[in-house]
Amino acid sequence: MSGAPLSLEGKAALMERALASANVSVLFQDTTLAIRYADNLPEHLMPSLLIGGNDCHLFGDKDGEHLTLLKRGVLENGRAVTAEVEIASGDGVRIYELKMERVGGRKAQGVLSVISEVTESRHREKVLKSLLRELSHRSKNLLAIIQGIATQTARHTLSLDNFLIKFRGRLQSLSNSQDLITDSSWRGAYLFELAEKQFAPYWPDAGVPMPIYGINAHLTPNAAVHLGLALHELIVNSASHGAISAGATSITLNCKEAELDGKKAIEVAWLERFHAPADHEFEDNSFSRTVLERVVPTSMNGRAQFTISDGNIGYHLTIPETEYEILRRR
């Protein structure tokens, strides 16, 4: 059984309800651009004088004059136009899109404006553009690091096979650090998680805890990437010639509070003791030594001290407070 058809009043009520649900406003102005009808306008767009007023009353002088020019063009040539205005409200600036078209045939009767709020979508677009710029910047930095690693690795290796082994290892180290940074939306990485990622491929016994102690500082993306490279060089040497290769666990990685040029800092210290022939990857002009003593500290305006003697390797990296936050301790 069908009901009675809706009256014009009933249809108008449904249209008003639909407009309110869709957060859409309607504005009609006559050929003089005086406001003759408005529906569902937001409260902060409701002037004391509405009917008989104009765009300057509704949107302020600057936007009102701009919209008036556009609407005169709509009346003259009949082509619909779209514009956006920003309106201050109690909870910040709101952005509205106006779609304006002429009403009437050859003889214009006025201009109809359909107004919808686009604040959230414009905010998302702004955030997305910002993220894309940040991604582009970080991608360029990452490519520069990879180019440097490739060049220096090639300079310090004598065969293609040896180059591929070392280069792939360093790229994997970079990838491990980058995974943590990406997972945090580029905010950085915790020191312990970074160290565990670097240790994992080389640690001989998963049942033995990794020797990471002290302050679990949250590192900036820059500090995380470069500290990851330093740890990789130390760990690979240990896995090839030092304590890890012998199955021993006489390694400690400790982070403690320190000072750098009179300001707060942290010191990340690697101490390794082993009983093995005095073989290592740290010749004076080696890439590993360059990374530890020059590349890493320079990249974060820090300071590094590297020492090596029979059975002992020490690396102390001081990181300024601009490159970390202390959020958790172990």
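The values are calculated or read from the model by the stated rules, or taken from the named source; none is laboratory data. The structure displayed is predicted, hence computed values, not measured ones. All Cβ positions, glycine included, derive from the backbone under ideal geometry; neighbour counts span all protein chains shown. Note: areas computed on protein heavy atoms with side chains; ligands, DNA, RNA excluded. Shrake-Rupley method; radii C 1.70, N 1.55, O 1.52, S 1.80 Å.
Tabulated results
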| read-out | value |
| --- | --- |
| Any pair with Cβ under 8 angstrom, 6 or more apart, that starts in segment 186-211 at a residue that is in contact (Cβ under 8 Å) with a residue 12 or more places away in the chain and ends at one that is assigned to a helix (DSSP H, G or I) and open to solvent by 50 Å² or more (accessible area, probe 1.4 Å) | 186/134; 186/138; 197/179; 201/172; 210/196 |
| Residue that is surrounded by the fewest Cβ atoms within 10 Å (Cβ to Cβ) [pool: residues in segment 216-234 that are polar (S, T, N, Q) and not in a strand (DSSP E or B)] | 222 |
| Failed condition for residue 75, given (1) touching a residue at least 40 places away in the same chain (Cβ under 8 Å); (2) in contact with a Leu (Cβ under 7 Å, 6 or more places away or on another chain); (3) in a helix (DSSP H, G or I) | (2) |
| For residue 176: the one exception among (1) open to solvent by less than 40 Å² (accessible area, probe 1.4 Å); (2) under 30 Å from residue 68 (Cα atoms); (3) in a helix (DSSP H, G or I); (4) not hydroxyl-bearing (Ser, Thr, Tyr) | (2) |
| Scan of segment 27-45 for residues that are open to solvent by 90 Å² or more (accessible area, probe 1.4 Å) and either in contact with a Pro (Cβ under 8 Å, 6 or more places away or on another chain) or closer than 14 Å to residue 96 by Cα (or both), ordered by number | 43 |
| Criterion violated by residue 269 - all others in (1) open to solvent by less than 40 Å² (accessible area, probe 1.4 Å); (2) touching a residue at least 60 places away in the same chain (Cβ under 8 Å) satisfied | (2) |
| Residue check, residue 264 touching a helix residue (DSSP H, G or I) at 6+ places or on another chain (Cβ under 8 Å) and open to solvent by 50 Å² or more (accessible area, probe 1.4 Å) | yes |
| The listed residue being modelled with pLDDT of 85 or more, open to solvent by 20 Å² or more (accessible area, probe 1.4 Å) and over 24 Å from the mean Cα position of the chain (by Cα), out of 200, 246, 206 | 200 |
| Elements of type strands (runs of 3 or more DSSP E) in segment 278-330, at least 3 residues being at pLDDT 95 or above | 303-309, 312-320 |
| Counted residues, segment 120-172 - those being basic (Lys, Arg) and either under 23 Å from residue 228 (Cβ atoms) or in contact (Cβ under 8 Å) with a residue 12 or more places away in the chain (or both) | 7 |
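One line per residue, one yes/no per condition, for (1) assigned to a helix (DSSP H, G or I); (2) under 22 Å from residue 317 (Cα atoms); (3) of a type in the set (Phe, Trp, Tyr):
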{"site": "166", "(1), (2), (3)": "yes, no, no"}
{"site": "187", "(1), (2), (3)": "no, yes, no"}
{"site": "194", "(1), (2), (3)": "yes, yes, no"}
{"site": "214", "(1), (2), (3)": "no, yes, no"}
{"site": "236", "(1), (2), (3)": "yes, yes, no"}
